[in-house]
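Input: a single structure, listed below in structure tokens.
Laboratory data are not the source of any read-out in this text; all were calculated from the coordinates shown. Everything numeric here is computed off the predicted structure, so don't read it as measured data. Note: ideal-geometry Cβ built from the backbone for every residue, glycine included; neighbour counts use all protein chains shown.
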Amino acid sequence: MLSKAGSLVALLMVAAVVAAGCSTGSNPTTSAGAAGSACASGVPETKVDLIGQPTTDPFWGAIKNGADQAAKDFCVKFTYVLGAQPNFPSTIQATQAAIASHPDGMAIVYFDKTFQASTSAALDAGIKVVLYNNNRFEQENAPTDPRILSLAYVGQNEDFSGVRLANSWVSLVKPGTTVLLINPFPVAYVLTLRRNGVAQVLDAHGIKHEDLNMDSSGDEGKYLSIIGPYLQTHKEIGAVVGMGNPGANPAAKYVTDNNLSYPIATFDVGAEAANYIKAGTISMSINQQPYLQGYYAVEQLALQTKFGLRPANVDTGTFLVDKSNIAEVQHLISIGKG
């Protein structure tokens with residue numbers, strides 16, 4: 001769940017605020033997307049809202065760009081709605097404001113159970129809902145509203161992303177070495193799912209692994225001051241997997257600065273990680289393709305609100321990236337689609 005952190009971690013630093021039930025009290029803002037060419041005869045122009053985050057973060061900018069394009073392609077009156085602050089309470093407030101504007105469809109990021117009430121309220125209002133980017137239903141986050149469990153989801157399937165990446169990367173690990181699993185945001189259960197998938201594959205191959213959890217700050221300079229000494233003193237480590245770019249990038253810098261050759265894998269492809277992949281320092285990543293998350297969410301809502309077609313789950317995180325195809329991703333990043 002981004003920027004350096006990828007899809008989901010855009011709001012993690014404020015999780016404590018959510019737990020405390022705080023609210024910003026700020027008004028949400030909106031950004032209208034241009035509707036496409038005139039609707040075909042007899043096809044209604046429906047209104048669709050997507051609840052997002054500030055587009056100053058390139059990850060969310062790509063999501064909005066995808067949603068904008070789908071709105072043009074499917075004759076939708078589209079609004080990108082975001083809270084005044086990039087935190088959970090503000091995002092929930094934005095959802096409530098969008099409900100009051102009576103859209104036909106709404107795309108919602110379901111980060112955890114604190115989003116249940118507003119999601120249920122949208123359904124109560126007769127709004128068609130698709131979840132995107134995050135749909136966390138595990139353990140204590142399981143919604144009590146069964147309608148939410150049946151909603152279609154557009155985004156990376158985090159239950160399998162770690163397995164998918166590790167199966168493609170594991171052959172690069174030198175026999176007899178240990179893989180260091182770095183979690184930059186331990187408070188995010190999604191990253192735990194990634195870690196568990198990677199560990200599952202390593203265990204199946206009889207490869208040892210160790211965990212190194214960061215403090216969820218996302219501060220790559222601070223992380224480097226921890227990861228570097230760890231790699232220096234733990235000579236058994238011969239490979240690294242970062243559960244997000246803030247875990248992999250510092251490891252890649254340490255490896256580069258010290259002329260080492262650890263194979264490194266990561267999740268998501270930000271601009272810095274893309275450079276490391278191009279250089280061959282990061283050997284592989286899985287890209288959740290945020291542009292497609294915005295595009296398919298709006299597309300499915302358009303088809304449902306216009307014709308009654310039922311949305312379906314779309315796994316956007318199937319794109320494995322390495323040195324052979326990183327130029328494609330860098331091009332997408334440069335044009336706001338990566």
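Computing FRET efficiency as 1/(1 + (r/R0)^6) for H102 and H234, where r is the C-beta to C-beta distance and R0 is 56 Å, gives about 0.45.
Determine which residues of the stretch 307-335 fall in the zone a paramagnetic label at V43 would reach in this model, i.e. backbone nitrogen under 19 Å from the point 7 Å along Cα→Cβ. The answer is 307-312. Dimensions of the stretch 159-287 along the principal axes, based on C-alpha atoms and rounded to the nearest Å, stand at 33, 30, 27, largest first.
Hey, what did the stretch 220-338 get for relative contact order, percent, Cα under 8 Å, at least 6 apart? Value for the stretch 220-338: 22 percent. Would you please give the FRET efficiency between N141 and N313, computed as 1/(1 + (r/R0)^6) with r the Cβ-Cβ distance and R0 = 25 Å, to the nearest 0.05? For N141 and N313, the calculated efficiency is 0.90.
Within the straight-line cut-off of under 30 Å between alpha carbons, the lysines reachable from K77 are K47, K64, K113, K128, K306, K337, sequence neighbours fewer than 8 places apart in one chain being disregarded.
About its Cα centre, the stretch 159-287 has a charge dipole of approximately 280 debye under the convention of +1 per Lys or Arg Cβ and -1 per Asp or Glu Cβ, with nothing else charged. Looking at the stretch 277-338, the trypsin sites (Lys or Arg not before Pro) that sit in a DSSP loop and have at most 15 other Cβ atoms within 10 Å of their own Cβ are K323. With the simple spin-label model, which puts each label point 7 Å out from Cα in the Cβ direction, the L149 to S324 separation comes to 4.2 nm.
Bridgeable aspartates and glutamates around K278 (alpha carbons under 19 Å apart, same-chain partners fewer than 8 residues away excluded): D257, D268, D322, E328.
When the stretch 73-228 is described by a simple charge dipole with +1 on each Lys and Arg Cβ and -1 on each Asp and Glu Cβ, the residue from Y80, N167, N183 located farthest towards its positive end is N167. A full extension of the chain between A271 and A121 corresponds to an added length of 50.2 nm, given 0.36 nm per residue minus the alpha carbon distance.
Shape index of the stretch 223-338: Rg/Rh, with Rg the Cα radius of gyration and Rh the Kirkwood radius from the inverse mean 1/r over Cα pairs, equals 1.13. Projected over every direction and averaged, the convex hull enclosing the alpha-carbon atoms of the chain yields 16.9 nm².
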